[in-house]
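The values are calculated or read from the model by the stated rules, or taken from the named source; none is laboratory data. Just so it is clear, the model here is predicted, and its values are computed rather than measured. All Cβ positions, even for glycine, are placed from backbone atoms using ideal geometry, and neighbour counts span all protein chains on display. Calculation scope for accessible area: heavy atoms of the full protein, side chains included, ligands and nucleic acids excluded. Shrake-Rupley method; radii C 1.70, N 1.55, O 1.52, S 1.80 Å.
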Amino acid sequence: MNKKTEAGLYIHVPFCIQKCRYCDFYSFPKGEEYFERYKNRVKEAIDFYSKKYARCYNSLYFGGGTPLLLKEKHLCDIMECAKPYLSPKAEVTAEGNPGAAERVDFSALRNAGINRLSFGLQSADDKELAALGRIHTAKEAAETVKAAQKAGFDNISLDLMLGIPYQTEESLINSIDFCANLGVQHISCYMLKIEEGTPLAKSELRFLCADDEKAADLYLLACEELEKRGFAQYEISNFAKNGKHSFHNTRYWLDDEYIGIGPSAHSFMEGRRFYTERNINDFLEKPFEENEREESSGGGWEEYAMLRLRLAEGLDPVELFAKFPEAPMPNELLANAAPFEKPGLLKITNGRIALTPKGFLLSNALTAEILFG
């Protein structure tokens with residue numbers, strides 16, 4: 001298979017049972033009457049964009065929302081449509097609710113070709129979960145992971161959130177232990193960001209969230225504790241065992257091509273960044289290209305370097321200059337980076353610049369200093 005024709009495929013499923021207090025993603029409660037129409041439109045979009053760009057996919061990611069809310073029959077039907085465009089060893093991920101053990105036939109999903117699952121645990125403390133508006137308990141999350149493992153899934157990711165109401169260092173360590181003891185392969189740790197207009201932003205609970213200093217301490221603690229348990233950090237917020245990094249998400253940070261399908265989904269194809277309007281009715285009814293909105297041109301040296309510096313392996317200035325002759329000279333970038341090595345914000349190894357966990361906390365400012373001086 002010609003690797004030049006390979007890309008990633010993202011499918012946004014905007015349906016949820018209810019919206020969490022902190023969520024700013026495009027999602028909403030919808031009934032079964034929408035599911036059939038949505039599935040059929042997604043299948044049409046897969047055919048349309050795959051033929052338009054003559055692409056096949058070595059990764060497919062069902063994100064949301066809550067993709068597993070679509071039910072197996074719809075997801076399996078979408079997989080049947082996608083299969084002719086998937087490479088034989090494609091990573092296929094579906095996100096789900098951690099309280100889904102009794103509602104999802106994991107064996108059917110596995111048989112359909114989905115080989116990776118990602119559950120939004122956020123915390124293993126029921127008080128913290130309630131504050132976030134999550135509808136599962138820690139016990140239900142454990143049951144869901146075990147049900148998926150019993151069905152043959154051996155690549156499972158759990159999300160944890162940092163800086164949430166009531167969280168302490170002890171409760172965070174307990175949540176990390178909870179994930180590790182379940183035998184999952186991947187953990188994502190995200191800082192809570194209180195978005196304007198969300199219920200959390202309007203709630204008194206916002207005053208129980210960590211301030212910047214405490215959130216930074218929790219992040220560094222998470223990095224340390226995850227490393228102790230064999231989860232290697234490969235990106236600012238992502239940790240994996242045994243090389244089980246998210247192949248699909250890594251392509252974003254490597255500036256590789258991907259097509260996004262569904263309302264609010266973003267794409268990067270042939271140097272062009274665009275997204276689909278956040279309107280499900282337009283997605284269902286209008287021609288696909290009428291829903292596209294230009295975001296920016298992409299693929300320049302600044303974007304490439306910025307994304308590489310999100311990864312634990314960092315940026316090789318020589319590789320950057322070879323790919324983009326308009327980029328700064330390697331010695332210039334190394335000189336810009338050097339003052340930040342002694343304070344422990346980055347490491348320079350064999351000419352490669354890599355931020356440390358402390359550096360990741362200041363990634364935006366550090367990246368600007370390294371690239372532009």
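Values as computed for the structure displayed
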| item | result |
| --- | --- |
| Nearest-10 value in Å² for the accessible area of D255, using the 1.4 Å probe | 20 |
| Rounded, prolate or oblate (a/c below 1.5 giving rounded, otherwise prolate when a/b exceeds b/c) for the stretch 1-132 by Cα gyration tensor | prolate |
| Paired Rg and Dmax values of the stretch 281-324, which use every Cα atom, in angstrom | 16.9, 48 |
| Cβ-based charge dipole, the chain, positive-most Cα from C76, A265, T356 | C76 |
| Solution diffusion estimate, µm²/s, Stokes-Einstein, the chain, Kirkwood Rh from C-alpha pairs, 25 °C, viscosity 0.890 mPa s | 113 |
| Accessible surface of the stretch 121-189 [probe 1.4 Å, protein heavy atoms]: carbon and sulfur percent | 46 |
| Student exercise, the stretch 183-289 dipole from Lys, Arg, Asp, Glu Cβ charges, in Debye to nearest 20 | 340 |
| FRET efficiency estimate (nearest 0.05) - Cβ-Cβ, Y34 to E290, R0 25 angstrom | 0.75 |
| Filtered trypsin sites (Lys or Arg not before Pro), the stretch 317-371: DSSP coil and at most 16 other beta carbons within 10 Å | none |
| Environment charge at P287 (Cβ cut-off 15 Å; Lys +1, Arg +1, Asp -1, Glu -1) | -3 |
| Gyration tensor (Cα) of the stretch 113-183, equivalent ellipsoid semi-axes in angstrom | 23, 12, 10 |
| Within the chain: Cβ-based charge dipole about Cα centre, in debye rounded to nearest 20 (Lys, Arg +1; Asp, Glu -1) | 900 |
| Fraction of the pair-distance distribution of the stretch 23-72 above 18 Å, Cα-Cα pairs, percent | 42 |
| Projected-area average for the stretch 218-263 over all orientations - Cα convex hull basis, square nanometres | 4.5 |
| Largest to smallest accessible area among Y275, Y57 [probe 1.4 Å] | Y275, Y57 |
| Kirkwood hydrodynamic radius of the stretch 129-227, from inverse mean 1/r over distinct Cα pairs, in Å | 14.6 |
| Convex hull volume per residue for the stretch 190-294, taking Cα atoms only, in Å³ | 150 |
| Ratio Rg/Rh [Cα only; Rh per Kirkwood] for the stretch 238-373 | 1.06 |
| Charge dipole (the chain, unit charges on Cβ, about Cα centre) - positive-most of I176, T367, F324 | I176 |
| Cβ charges +1 (Lys, Arg) and -1 (Asp, Glu), total dipole of the stretch 225-357, debye | 820 |
| Surface accessible to a 1.4 Å probe, per residue, for the residues of the stretch 234-373, Å² | 47 |
| Straight-distance crosslink candidates among lysines, where the alpha carbon sits under 20 Å from K71 and sequence neighbours closer than 8 are dropped | K19, K30, K39, K43, K83, K146, K150 |
